1. So which of Ala104, Ala48, Ala97, Ala38 ends up being over 15 Å from Ile119 (Cα atoms), small (Gly, Ala, Ser) and outside any loop (DSSP other than H, G, I, E, B)?
2. Tell me, which residue of the range 86-123 that is touching a strand residue (DSSP E or B) at 6+ places or on another chain (Cβ under 8 Å), modelled with pLDDT of 95 or more and among the hydroxyl-bearing types (Ser, Thr, Tyr) is nearest to Gln29 (Cα to Cα)?
3. Please go through the range 51-88 and give me each residue that is polar (S, T, N, Q) and either surrounded by 15 or more Cβ atoms within 10 Å (Cβ to Cβ) or assigned to a strand (DSSP E or B) (or both), ordered by number.
4. Cβ-Cβ distance below 9 Å, separation of 6 or more or different chains: which pairs start in the range 110-138 with a residue that is within 16 Å of Ile78 (Cα to Cα) and end on one that is of a type in the set (Asp, Glu) and not in a strand (DSSP E or B)?
5. Among the numbered criteria (1) over 22 Å from Ser4 (Cβ atoms); (2) loosely packed, with under 15 Cβ neighbours inside 10 Å, which single criterion is violated by Glu107?
6. Report yes if some residue within the range 24-33 is surrounded by fewer than 22 Cβ atoms within 10 Å (Cβ to Cβ), touching a residue at least 12 places away in the same chain (Cβ under 8 Å) and among the hydrophobic types (A, V, I, L, M, F, W, C); otherwise report no.
7. Of the conditions (1) of a type in the set (Gly, Ala, Ser); (2) farther than 12 Å from Leu126 by Cα; (3) without any contact (Cβ under 8 Å) to a residue 60 or more places away in the chain, Ala95 fails just one. Which one is it?
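The values are calculated or read from the model by the stated rules, or taken from the named source; none is laboratory data. Since this is a predicted model, take the numbers as computed values, not measurements. A quick note on method: Cβ atoms are made from the backbone with ideal geometry, for glycine too, and the neighbour counts reach across all protein chains shown.
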Amino acid sequence: MALSITAANVLKGTGNRVIAATAGGTVTQGMPVYKDAADANAIKACQATTLVKSECVGIALNAASDGQPIDYQTEGQINLGATLSKGEVYCVDDAVAGGIVLLADIETGATDYVTILGIAISSSLLEINIQIGGVVRT
């Protein structure tokens, strides 16, 4: 089940690296995002249903619509505005675009790619350490 993120509570934390870009669709705070090379590297919500959409570059820090500026965090700590389980590994969701799930919640199948976003270091903070597996979970 995807995390229930309160967008207004998403905040960058310590050791952060933030990149400014342009959105290629509707994105809200807390969503993992990828660069769509087929759309001038526009930033879009990740979904682990294809290799391209699972290649996360960071987590959105603001809401944006198509063509608007968006900032995303690529490393460091982030408050996701959700309740996390300390010590658990969080990943790009395979069921919901822009969703974040526990590793154990990723389904197995031909279109369920594994991209790790990071590990919860408290009930509110995720230490971003993006690992793009490039493989489906079997």
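1. Numbers: Ala104 fails: over 15 Å from Ile119 (Cα atoms); Ala48 fails: outside any loop (DSSP other than H, G, I, E, B); Ala97 fails: outside any loop (DSSP other than H, G, I, E, B).
That would be Ala38, the only listed residue that is over 15 Å from Ile119 (Cα atoms), small (Gly, Ala, Ser) and outside any loop (DSSP other than H, G, I, E, B).
2. Only one residue fits best here, namely Tyr90.
3. Step one: filter the range 51-88 for residues polar (S, T, N, Q), giving 54, 62, 65, 68, 73-74, 77, 79, 83, 85.
Selection gives Ser54, Asn62, Gln73, Thr74, Gln77, Asn79.
4. Listed pairs, sorted by first residue: Ile119/Glu88; Ala120/Glu88.
5. With respect to (1) over 22 Å from Ser4 (Cβ atoms); (2) loosely packed, with under 15 Cβ neighbours inside 10 Å, Glu107 is out only on (1).
6. Checking the range 24-33: not a single residue is surrounded by fewer than 22 Cβ atoms within 10 Å (Cβ to Cβ), touching a residue at least 12 places away in the same chain (Cβ under 8 Å) and among the hydrophobic types (A, V, I, L, M, F, W, C).
7. Evaluating Ala95 over (1) of a type in the set (Gly, Ala, Ser); (2) farther than 12 Å from Leu126 by Cα; (3) without any contact (Cβ under 8 Å) to a residue 60 or more places away in the chain leaves (3) as the failure.
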